[in-house]
Each structure stands twice: as C-alpha cells, then as structure tokens.
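Following: one structure in structure tokens, then a few remarks.
The values are calculated or read from the model by the stated rules, or taken from the named source; none is laboratory data. From a predicted model like this one, the values you see are computed outputs, not experimental measurements. The protein model used for the area step is the full one, side chains on, heavy atoms only, and it has no ligands, DNA or RNA in it. Shrake-Rupley method; radii C 1.70, N 1.55, O 1.52, S 1.80 Å.
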Amino acid sequence: MSSEPPPPGSGRSPDDDPFKKQPPPDEGGGSPYDPPYGSQPPPPGDQPPPPPFGGGGDPYGAGGPYGGDPLAGMPPLADSGKRVLARIIDMIIVGIVVWLLSWAFGVTEYNTDKIDTGKSFGQSLVAAVLYIGYDTVMISRTGQTLGKRLFKQRVANLDNGATPSVQTTLIRSLVLWIPFAFCCACIWTAIAGGWSFFDKPYKQGLHDKAAKTVVVSTG
C-alpha cells in the first residue's frame, strides 16, 4: 500500500480512497459479507445479526469484520511527539497569515500599552476562520496539513482508515480551534493535542475523539 495520499483534486469518490481498509479475505472461499444461507432466506428465529455501524466496526466498541479492532489493516499510529512538532509548524504558518491580515484590516489586538477589546475580537475571528479553514480544506483533501506531510503523518477515520470527509474534518477543526481563538489560546491546544500522549489505545487528541479520527504514520 502506498504511503502517500492521493493528489489534491484527483476526483476520487470515497469508495476509491486507496487508504480505505478492505475487508479481510474469507478463509472459506466466499465473501465475508455473503449471507450464511446463500440465496435462501434464513430459517425463522435464526436471523443473522445486523451489520456493525459504519461497515468497519463501531470505532469505540467491538464487532465488525476485523474482530473488533478498528486499527487492523491500518499503518501504525503516529508518534505523539512528532504530532506536536507538526502542529507547531502549522500554527506558525497560519499564524503569520493571521498577523498579516490582522495588520492589513487594522484589527491587531495590541495598541501600545493597552488592549482594544473590539480589535481583540476581530483578530480572534480572523484566527478562527483561517485555522479552521486550513485544517478542514487540507485534511479533507489528502488527510495531511503541511506540518503532517513534513513529519509523514495523516489523519484517518478510525472505523475504516479512509481520508475524513469535510463534515468530519470540520468537526475536528471546530473542537480544536474555536477555544484556541476565543478563549484559551495555547492552553487549550496543549490540552487537546497533549491528550494523545496519555490516550489508549488510539492516541487520540480531544478533537480526534470528537470526530472519531486517528493520526497514523505514512513513513
């Protein structure tokens, strides 16, 4: 399996995602999803159980064709320390753009020896839009931001290993960046991202938990 994400704008449907986990081979010579009674309906009182949520097993439960382990068939989880370095790179890149736009629109927070509350909110709004937009666009296209690409990581759906959708990535980004921009700044980022150092077994940050994603290694 190639470790590099598909090029942006490749036009692939979600089912064509090369990172999406495939069902394990059936030892009995048939599809693991074939009905156990072939084309005949099952006997009364012997109905097969419904398929697991999402087709790859509940991300926070057991079941599914992988024996209850959603990480089966995926690359190893990314190192939490390298995740922090990748995040710092992204924050610097977007932070420079935030500062330039804040200066251009006259919403720089600090003015000599006092803080202008209106301008502070304006700068927070610019930061929220840019950080959320950056993460949502980049990750929903390839699973990678520039920082993650540098450190050979990508974001994946926990249940099937595929690149997260725009909706999933937006949830992940909102949980991470709204508190950062309007409330707790780097404190929240440290808490949300640092959670991955202690989380088991998926090494998820709080934003990963909200979106049911993981970060895996591509190198």
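Couple of notes before you dig in:
- Centroid-to-centroid separation of the stretch 177-197 and the stretch 70-99 [C-alpha atoms, Å]: 14 Å
- Values of log10 I(q)/I(0) for the stretch 158-219 across q = 0.18, 0.21, 0.22, 0.26 Å⁻¹ run -0.64, -0.84, -0.90, -1.12, by the Debye formula with one identical scatterer at each alpha carbon and no solvent.
- When the solvent-accessible area of the stretch 69-217 is split by element, carbon and sulfur atoms take up 70 percent of it, the probe being 1.4 Å.
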